[in-house]
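Have a look at the structure below before the remarks.
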Amino acid sequence: MNEKQVPFRYNVGVRSPDFEEAKAFINAHIEDREVAPLSCSGRAKNLLTLQPVGSSSLFGATWSEKVHIQSETQQTFHAVLVLSGNIYCKPLDTDVPADSLVLTAPGKQADLVWEKGTRAVVMSLARQKLIDTLGVPDLSFLRETNTFIPGHHQDALVLRNAINCLAQQHEICQGRIDPAVQSQWEGLLLSQFANQLHREGLDNPSILPGRIRLATEWILAHIRDPISVCDLLRITGASRRSLESGFRTYLHTTPAKYVLCHKLKGVRELLRSSPDINIGDAAFSYGFNHLSHFTRQYQEAFGELPSETLRQCRASRVVISKKARLDSVSFQILPGKTLSESEG
């Protein structure tokens, strides 16, 4: 990647002096932000690019004026890697110089001042991906996480090298990233975020004591079966008190809520992958015998009714099917004509 280049240039979102246009682009792809220029040279030309990578998005950015970017309490987990220049992080009261990072967890505000000409990559990770990876019901335990990572730190070096590799493939493939590379990047990003949570004194849910890990693995292997706390005590050989204490300490939940969380996730995946399935059958296959009770729990967990999940899945299938038919028609060649004649 060229030292003065903003990465992911094949996917330009904004190349404009209009700060309102830049703000609209950011708000459409991350979360609502206020963007306020703090200087005025009369030659502003902002550049923002976008590279989706799995459940994350990477934004290349440079501002030709000093600019203040602030959010309300955010829902996503995101990080900013400074490539050149300097960003001041107001919540931490610290400068983030070139090669360094600042991480902001869900529940915290983004409040950054970019110096004029600063280049950076903003990484945004889907909230649900982090929840699924950590195996917890929610991210409330992250609410105090706002972290500065200096450029010499191993995690900063790893992410910087990985972004360089993504930027190079983007250049070579003209804006496309290989799915295998996307998967590797996503795993790396999740791993680095988990490392920082652990380093900041919070318990890392991906590193569990033996008996707690045994319980979680057994739950996931038998998630369609009836599961009780007594089953977990028998499997792990732990006392009820130590088991419940371990789940609270390392997973920030109880054994019963952990089981419920993953049963609901199982039903959700089934509804998403099998649009012809009956909601009652899907719920029953994971041990939910009372449909009204299940529906309430599902809505509390995912913010939508199971019928809405199913309707979205069916609508998506119709759109894909229609697109496939249109694509097949568009590639038909009239009898007796060559491809070049048909194109003409």
Original post:
Ignoring any ligand, DNA or RNA, what whole percent of the accessible area of region 1-135 comes from carbon and sulfur when the probe is 1.4 angstrom?
Top reply: 46
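Give me the number: length gained by fully extending Ala221 to Ser191, i.e. 0.36 nm times residue separation minus the C-alpha to C-alpha distance, one decimal in nm. Don't skip to the end; give the middle numbers.
On the way: separation 30, 0.36 × 30 = 10.80 nm, distance 2.33 nm.
Value of the extension gain: 8.5 nm.
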**OP:** Please give the per residue accessible area of region 19-168, computed with a probe of 1.4 Å over protein heavy atoms only, in Å².
**Re:** 39
**OP:** Using a Förster distance of 30 angstrom, determine the FRET efficiency expected from the C-beta separation of Gln5 and Gln184, and round it to 0.05.
**Re:** 0.80
Subject >> Under 5 Å, built H, 5+ apart or other chain: amide partners of Leu83 >> reply: Asp99, Arg119, Ala120, Val121
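Got the relative contact order for region 216-294 handy, in percent, Cα pairs under 8 Å and 6 or more residues apart? It would help to have the intermediate numbers written out before the result.
Details: 44 pairs, mean separation 25.0, N = 79.
Relative contact order comes out at 32 percent.
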Original post:
If you plug each phi of region 257-274 into the Karplus form 6.51 cos²θ - 1.76 cosθ + 1.60 with θ = phi - 60°, what whole-Hz ³J(HN,Hα) values come out, in order, with x for Gly and Pro?
Top reply: 5, 5, 4, 4, 4, 7, 5, 5, 4, x, 5, 4, 5, 5, 5, 6, 8, 10
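Expressed in nm to one decimal, what extension gain is obtained for the pair Asn27 and Ser307 from 0.36 nm per residue of sequence separation less their Cα-Cα distance?
97.9 nm
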Original post:
Relative contact order for region 259-309 using alpha-carbon pairs under 8 Å, separation at least 6, rounded to a whole percent?
Top reply: 36
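Which translational diffusion coefficient, to the nearest whole µm²/s, is obtained for region 254-316 from the Stokes-Einstein equation, given a Kirkwood hydrodynamic radius over C-alpha pairs, 10 °C and 1.306 mPa s? Don't skip to the end; give the middle numbers.
Working: Rh = 11.6 Å.
It comes out at roughly 137 µm²/s.
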Original post:
Share of Cα-Cα pairs in region 220-296 beyond 16 Å, in percent?
Top reply: 55
Original post:
Which length gain, in nm to one decimal place, applies between Glu300 and Cys165 when the Cα-Cα distance is subtracted from 0.36 nm times their residue separation?
Top reply: 44.6 nm
**OP:** Would you mind computing, in nm to one decimal, how far apart the modelled labels at Asp132 and Leu38 are, each placed 7 Å from Cα along Cα→Cβ?
**Re:** 3.9
Subject >> Of all DSSP beta bridges in region 1-110, antiparallel share, percent nearest 5 >> reply: 100
Subject >> Whole-Å distance, taken between Cα centres, linking region 155-192 and region 226-298 >> reply: 34
Original post:
What is the set of long-range amide H partners of Thr94 at a cut-off below 5 Å, with H atoms built 1.01 Å from backbone N?
Top reply: Cys89
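The values are calculated or read from the model by the stated rules, or taken from the named source; none is laboratory data. Owing to the predicted nature of the structure, the values given are computational and were not obtained by experimental measurement. Reconstructed Cβ throughout: ideal geometry from the backbone, glycine too, with neighbour counts over all protein chains shown. What goes into the accessible areas is simple: the full protein's heavy atoms, side chains included, and nothing from ligands, DNA or RNA. Shrake-Rupley method; radii C 1.70, N 1.55, O 1.52, S 1.80 Å.
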